[in-house]
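The structure under discussion appears below in the form of structure tokens.
The values are calculated or read from the model by the stated rules, or taken from the named source; none is laboratory data. Just so it is clear, the structure is predicted and the values come from calculations on it, not from any experiment. Here the Cβ is made from the backbone with ideal geometry for all residues, glycine too, and neighbour counts use every protein chain on show.
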There are 2 protein chains.
Amino acid sequence: MKRIAILGSTGSIGQSTLSIVESYPERFAVSSLAAGRNLDAAHTQCMRWRPTVVSLANEELAADLQRRLRRDGVSGTEVVWGTEGTVRAATLPKVDFVVSAIVGVAGLQATYEAVRAGKTIGLANKEAMVAAGEILTAAAREKNVALLPIDSEHNAVHQCMRAGRRSEVRQIWLTASGGPFRTLPLSEFDKITVEQALRHPTWVMGRRITIDSATLLNKGLEIIEACRLFNLPPSAVKVTVHPQSTVHSLVEYVDGSLLAQISVTDMRLPILYALSYPERVESDLRFDMETLSDLHFEAPDFQRFPCLRLAYEAAEKGGAHAIALNAADEVAVAAFLERVIPFRGIPATIEEVLETTSETHPATIQEVLALDCEAREGAREVLSRRFAARRG
Amino acid sequence: MKRIAILGSTGSIGQSTLSIVESYPERFAVSSLAAGRNLDAAHTQCMRWRPTVVSLANEELAADLQRRLRRDGVSGTEVVWGTEGTVRAATLPKVDFVVSAIVGVAGLQATYEAVRAGKTIGLANKEAMVAAGEILTAAAREKNVALLPIDSEHNAVHQCMRAGRRSEVRQIWLTASGGPFRTLPLSEFDKITVEQALRHPTWVMGRRITIDSATLLNKGLEIIEACRLFNLPPSAVKVTVHPQSTVHSLVEYVDGSLLAQISVTDMRLPILYALSYPERVESDLRFDMETLSDLHFEAPDFQRFPCLRLAYEAAEKGGAHAIALNAADEVAVAAFLERVIPFRGIPATIEEVLETTSETHPATIQEVLALDCEAREGAREVLSRRFAARRG
């Protein structure tokens, strides 16, 4: 029986994880939940799963949940809050496996502490590896902890890497759907609307990640994540555009063999894989080979998607630049969604922030957070300087 | 240093194996060769590789080669002949690895003796596994010997199977190019000529295997081979038609993940893989991902290709039926190449032979050979009865 802490239990990955736990009650149990701000969902999850610890975003929400649970006669669930609460949920002694699916500060700190506490990590939080990957992987090595990727691309790479030794990998190929603008003429990029950018062809996801898929910045973050997870230089992490999202990624070995992973586009599959690893568990997530017809691949267009180039540059420099890439993008995407900046303002903002970022490598999570904060400041400054006219 | 015996050194697999040995002199060395009837090629190979033992088809050829080597001042190469000679080449004490690439009796006996002698086997001889797979795999289990497939499909399966445990495999998918008649209307199958059937779209191979690729009987033999190599029931060995021959096969795991292997269509790659296993060795056999554009897959048409159905039936029954499938096909293909029977006469002949085959499971190579002989007789009898008019 694996006892699981789910950081981000009310989000999409959290819910998928709970549906897996529900399907395999003999294998997995929920020990703790970190649920953020969604009080109703947190309450429902507590009633269903009776976790030992549940953490909410702040003291007020925690007190509310505490009242509700008391009213319902639920005892035995400790309600905590904030970053400290999330860390407590992640490091509970009886927890074996931590699903890290919270973005932002709380997720970062809790994931780090979970690694330090020797928990196996299922990483759905891309940001954590981009911002603090150097620190997290060093801690994981020290504690001999497995960092198992839960996003579909890195999970695919993890699977394909089992067909050889790490030293026998020549390079890896992350597949990218290409987003909604893969074939849009470059001349029309200036007219891209928020609605168009939110229409992702294959995956249904949150708003920021959907925009990041349209700019391919998401693939850029995955490049950095891959470098860190698999200890590869950026030059060994390639991107191939594959609109069907059927092949989730490929690993190329030194002998010339490529291994590819194919499956349905359902996050429950990588979650199940990570939770069960090193075993594989029977599931009904079947890919119907009879429906497989044509798979298209093409090289990514760096002119159309400058975010890819920026990501490779940030991956090469690492440290503060990787942090700045992610932070500046988050600020720029928010501004795009608020219609303050155009679509092409996203890479423009990131590029300007990266240019003024100094080459430093944080040694602690606190330093990571400080650099993240600094980059966000920088991005806001760029936005107000360059796009002030629009706002006014 | 791995010391290698190559059974079938002058054939296409043998030559590719020698080119691999040539490229990695620090890893591989040639200990013995079995060269068949091609005296000139055998002579050249002896001059280049100076094997300890070389075997030819018969005493006369062996005496010829002996004379030539003496004339050239070559000593230290023992020249032997026949099945016994091939067995000697395969079981030489210093040999570590036997490449089994001879079809027919000599290959079968020598491969079996090599397994019994504890040599690692690189299997390019599909026939051996089809006719005597039950005996060979039992001997391999007993002697704890690895049977490493050298043909591209099974080699791909072997690679993909490293991403999980054997018990976690749900089924495998062998890819088939579909041959030259994949899209030919069924109504035109009666008019297929030898020249058309010899035109294979992706691989350049021998004449029988090219015809077998056109009838898909070759894929049928591979289904049986796969059942035996990977200990799978026929229902767990599927076929998907993939005209580009870029994906060489896939393994589907119980969790819903499929692993696929992709590489250039060059036999040196599976040979290198088998020779190096469990390592992977750097090679220049690079697959250019930038050239990857569209991969097509479709379900095989059992109406157009009745050989597939016959192969599944033979796979279910095993033993004598698998032997008869292969033997009857060889006889029928020879008759087709001699323009004695039409293209559709090939499955018709096989079907009739299978119908009169009794369900027996040979326990020795001698019994295998007797059943093989019997099936060939049966096939000739069917041919003379059904197609006598044409011949005359």
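Quick check, is residue A:119 of a type in the set (D, E, K, R) and more than 12 Å from the chain's Cα centre (by Cα)? So residue A:119 passes the test.
Regarding the range B:63-79, can at least one residue be identified that is surrounded by 15 or more Cβ atoms within 10 Å (Cβ to Cβ), hydroxyl-bearing (Ser, Thr, Tyr), modelled with pLDDT of 95 or more and over 22 Å from the mean Cα position of the chain (by Cα)? Yes, that holds for at least one residue. Does residue B:263 qualify as being closer than 14 Å to residue B:152 by Cβ, within 14 Å of chain A (Cβ to nearest Cβ), touching a Gly at 6+ places or on another chain (Cβ under 8 Å) and polar (S, T, N, Q)? Criteria met by residue B:263. Of all residues in the range A:9-26, at least one satisfies being surrounded by fewer than 15 Cβ atoms within 10 Å (Cβ to Cβ), within 22 Å of the chain's Cα centre (by Cα) and at pLDDT 95 or above. Exactly one residue out of B:249, B:245 is among the polar types (S, T, N, Q), modelled with pLDDT of 95 or more and closer than 24 Å to residue A:263 by Cβ: that is B:249.
Against the list (1) closer than 28 Å to residue B:193 by Cα; (2) surrounded by fewer than 19 Cβ atoms within 10 Å (Cβ to Cβ), the condition residue B:367 fails is (1). Please work out which residue is farthest from the other protein chains (Cβ to nearest Cβ), limiting yourself to the range B:242-256 and to residues that are within 20 Å of the chain's Cα centre (by Cα) and among the polar types (S, T, N, Q). Step by step, filter the range B:242-256, then rank; the result is B:245. Kindly indicate the residue of the range A:80-94 that is surrounded by 24 or more Cβ atoms within 10 Å (Cβ to Cβ) and aliphatic (A, V, I, L, M) and also farthest from the chain's Cα centre (by Cα) among those meeting that condition. Here the residue is A:89. For the range B:364-392, give me each residue that is part of a loop (DSSP other than H, G, I, E, B) and over 20 Å from residue B:103 (Cβ atoms). Across the range B:364-392, the qualifying residues are B:387, B:392. For the structure I just gave you, tell me whether residue B:240 is at pLDDT below 95 and among the hydroxyl-bearing types (Ser, Thr, Tyr). Spelling it out, it is not the case that residue B:240 is at pLDDT below 95 and among the hydroxyl-bearing types (Ser, Thr, Tyr).
Per-residue answers, yes or no, for (1) among the small types (Gly, Ala, Ser); (2) within 25 Å of residue A:111 (Cβ to Cβ); (3) at pLDDT below 95:
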{"position": "A:343", "(1), (2), (3)": "no, no, no"}
{"position": "A:349", "(1), (2), (3)": "no, no, no"}
{"position": "A:356", "(1), (2), (3)": "no, no, no"}
{"position": "A:365", "(1), (2), (3)": "no, yes, yes"}
{"position": "A:369", "(1), (2), (3)": "no, yes, yes"}
{"position": "A:390", "(1), (2), (3)": "no, no, yes"}
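Taken as a whole, the range A:203-212 holds no residue that is crowded, with 18+ Cβ neighbours inside 10 Å, under 30 Å from residue A:254 (Cα atoms) and within 16 Å of the chain's Cα centre (by Cα).
Of everything in the range B:138-188 that is among the charged types (D, E, K, R) and either closer than 16 Å to residue B:263 by Cβ or touching a His at 6+ places or on another chain (Cβ under 9 Å) (or both), the residue that is modelled with the lowest pLDDT is B:151. Being in contact (Cβ under 8 Å) with a residue 24 or more places away in the chain and among the hydroxyl-bearing types (Ser, Thr, Tyr) is a description that applies to residue B:246. Taking residue A:239 as the residue in question, decide whether it is within 14 Å of chain B (Cβ to nearest Cβ), farther than 17 Å from residue A:158 by Cβ and not in a loop (DSSP other than H, G, I, E, B). Here the answer is yes, as residue A:239 does meet what is asked. If residue B:304 meets every condition in (1) closer than 30 Å to residue B:329 by Cα; (2) of a type outside the set (S, T, N, Q); (3) in contact with a helix residue (DSSP H, G or I) (Cβ under 6 Å, 6 or more places away or on another chain); (4) within 7 Å of another protein chain (Cβ to nearest Cβ) apart from one, which number is that one? All conditions pass for residue B:304, except number (4).
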